[in-house]
Amino acid sequence: MQISYNTCETEMPEINQERVSLWISQVVENFDCEIGEINYYFCSDNYLLEMNREHLNHDYFTDIITFDYTVADIISGDLFISVDTVRDNAQEYQVDFLEELHRVIVHGVLHLLGIDDKCDEDQEIMTQKEDESLALLSKIH
């Protein structure tokens, strides 16, 4: 298992990397899968916008882009998270920045685990799984 935390054009958010890694490992185990290599890249809005344009042909800001390299039940991927957009969303939803960041961190992993959020029904399932995962995080110290 390998989970790494990196930055691109921003400072590293103040997360407990060891705790987050244990949490993500537990989430993945709960799906009867295992972690191969998951790389988190915390970046600026502009950096992620350029990636969105270049790789996905989308011309808008987003909180996360997930590149899925999963094979069978070995979960692997690169997850690019805009710290700027997460901060903006936390203000908009009136939640703590770290809570919103944790939600986005697990959102990407849930995508790697095969959960989609393209339609309303899928979005409900995604939100439910995010909430379940966040409850699990509160039990890890």
Extension reserve of the residue 6-residue 60 stretch, reckoned as 0.36 nm per residue once the Cα distance is removed: 17.2 nm
Mean Cβ neighbour count within 10 Å, used as a protection proxy, ranking 113-119, 38-44 highest first: 38-44, 113-119
At least 18 Å along the helix axis (C-alpha) and Kyte average at least -0.5, DSSP helices within the chain: 17-30, 97-112
Per-residue [θ]222 nm for the chain (sum of -39500 (n - 2.57) over DSSP H runs n ≥ 4, rounded to 500): -16500 deg cm²/dmol
Residues of the range 12-27 with amide N under 18 Å of a point placed 7 Å along Cα→Cβ from residue 141: 16-23
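A short reminder: the numbers here are calculations on the coordinates, not readings from a lab. A quick note: this is a predicted structure, and the numbers were derived from the prediction, not measured. Every residue, glycine among them, receives a Cβ derived from its backbone with ideal geometry; neighbour counts consider all protein chains shown.
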